[in-house]
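The values are calculated or read from the model by the stated rules, or taken from the named source; none is laboratory data. Just so it is clear, the structure is predicted and the values come from calculations on it, not from any experiment. Cβ placement follows ideal geometry from the backbone for every residue including glycine, while neighbour counts extend to all protein chains displayed. For accessibility, only protein heavy atoms count, side chains too; no ligands or nucleic acids. Shrake-Rupley method; radii C 1.70, N 1.55, O 1.52, S 1.80 Å.
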Amino acid sequence: QVVGGTQAVWNPILKEPWVFMKEISSDGDVSTVDVVYPAFPMFQYLYPEYFRKLMMPILVYGNNETKIYGQDIPYNLAWAPHHLGTWPVCDLIPSKQEQMPVEESGNMLIMLAGLYKEQGDMSYLTKYFPMLDSWADYIVGSLPDPGNQLCTDDFEGPSPHNTNLAAKGIVALDAYAHMVEARGDKAKADKYRGYAASFVANWTQAAADGDHYRIQFNLPKTWSQKYNILYQRVLGLTTFPDSVIDAEEAFYQTKMETCGVPLDNRHPYTKSDWSLWSASMGSQQQFQAIVDALYHFAN
C-alpha cells in the first residue's frame, strides 16, 4: 500500500528516475510532505535510495530550480513546502501552499537525517545546505512555542501552541545538527544542539500536566500522542529524556480503547500510523496491545 501511492518517472534533464507520491483519499496533492513522512520508516528500512529519489523534486522545488522543467515557480517561503501541486501536475505557487511551516521543515530535516543514517552519503545535498540551514533557522525562530501553526493533524481542528509539533521541531534540530557536524561545521552543529537542549528544558516544564504532557502548552488537563519523539530513538539521539517517553507511554495505557489509543483528548478516533509510532516507543507488551487493537479494528 505504501509503495502503491508512489509513481516513478524519468527525469529527462538529469537523466535519472524521480519518484512522486499521491495523496490518496483526500485531494490528490503531489508529494505532500506530511503524508510522505509517516511512510518514511518503511522506505528507510527497505528502499532508502528509492525514497531519496522522492525527496529530490521537493528539494528542487524549494531551491528554485524549476525553470528548466518548464515551470518557473519562485519559491520564496522561509520554510519547507507542503506539497508540489495537484496530481499529476507540479505547478503550485507558494502562496497557494497549505502552510505548515514547522511541520514540514521538521519532517524534511528528520527524513534527510534518516537517509544519511542509512546511506552514509550527503553529497547530493551539497547545493541544498543553505536552504536546509534556513529551514533549521526558521524552526529555531518558531520555538519553543510554535504558536498558531497548523500541524499534520489539522483534520481534528486547530491546535495552537501544540506540544507534539514543538517536539517535532526540537527533534529535527538535534537530527540536523548531526548532519551539520558530519559535513564539517561543528560550531553550527553545537549551536543547533544548544537550541534543541534549551527548548527541551522549556518543553518539559511548560507541557507538564501531572503524570503526562499536554496537547497544547496553554491547555491543562489535556493530552495527546507524542509520536513525533519517535525519531530520536530511530536516529540514536537523546533529545528528550527517557522519563518523558516513559511517562507518556504509561499514560497511553490508561486511554486504551477497543480499537487503540485515541490521537488526543478531543475525539475518540485515532490514526494507525501515529498509533504504531507511539507503540514503538513503549514496551513489547504495550506494542502488542496497540497492534492487537488496530488489528481488531481492521477485522
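Of (1) over 22 Å from S272 (Cβ atoms); (2) open to solvent by less than 40 Å² (accessible area, probe 1.4 Å); (3) of a type in the set (A, V, I, L, M), L54 satisfies all except one. Which?
(1)
Can you tell which of A196, A177 is more than 20 Å from R266 (Cβ to Cβ), part of a helix (DSSP H, G or I), touching an Asp or Glu at 6+ places or on another chain (Cβ under 6 Å) and in contact (Cβ under 8 Å) with a residue 12 or more places away in the chain?
A196
Out of the residues in the range 7-22 that are part of a strand (DSSP E or B) and among the β-branched types (V, I, T), state the one that is least open to solvent (accessible area, probe 1.4 Å).
V19
Given the criterion part of a loop (DSSP other than H, G, I, E, B), out of contact with any strand residue (DSSP E or B) (no Cβ under 7 Å at 6 or more places or on another chain) and either over 25 Å from A177 (Cα atoms) or not aromatic (F, W, Y) (or both), identify the matching residue among L230, L219, L276.
From the options L230, L219, L276, the qualifying one is L219.
Quick test of your reading of the structure: V36 fulfils all but one of (1) out of contact with any strand residue (DSSP E or B) (no Cβ under 6 Å at 6 or more places or on another chain); (2) crowded, with 20+ Cβ neighbours inside 10 Å; (3) of a type outside the set (S, T, N, Q); (4) assigned to a helix (DSSP H, G or I). Name the failing condition by number.
Here V36 clears every test but (1).
Would you say E49 is of a type outside the set (V, I, T), more than 19 Å from G169 (Cβ to Cβ) and open to solvent by 10 Å² or more (accessible area, probe 1.4 Å)?
Here the answer is yes, as E49 does meet what is asked.
Being part of a helix (DSSP H, G or I) and among the hydrophobic types (A, V, I, L, M, F, W, C) is the filter here; which residues of the range 233-248 pass it?
V234, V244, I245, A247
Where residues in the range 72-91 are of a type in the set (A, V, I, L, M, F, W, C) and within 18 Å of E23 (Cβ to Cβ), which of them is surrounded by the most Cβ atoms within 10 Å (Cβ to Cβ)?
Only one residue fits best here, namely A80.
Any idea which of (1) open to solvent by 30 Å² or more (accessible area, probe 1.4 Å); (2) free of Cβ contacts under 8 Å to residues at least 40 places away in the same chain is the one P94 doesn't satisfy?
The number of the failed condition is (1).
If you go through the range 23-33 one residue at a time, how many are in contact with a helix residue (DSSP H, G or I) (Cβ under 9 Å, 6 or more places away or on another chain) and surrounded by fewer than 18 Cβ atoms within 10 Å (Cβ to Cβ)?
Number satisfying all stated conditions: 2.
Return the residues of the range 194-216 that are touching a strand residue (DSSP E or B) at 6+ places or on another chain (Cβ under 9 Å) and more than 21 Å from F287 (Cβ to Cβ); say none if nothing qualifies.
Answer for the range 194-216, where residues must be touching a strand residue (DSSP E or B) at 6+ places or on another chain (Cβ under 9 Å) and more than 21 Å from F287 (Cβ to Cβ): W203, T204, A207, R214, I215, Q216.
State all residues of the range 60-91 that are farther than 21 Å from V35 by Cβ and either basic (K, R) or outside any loop (DSSP other than H, G, I, E, B) (or both); if no residue qualifies, say none.
K67, I68, Y69
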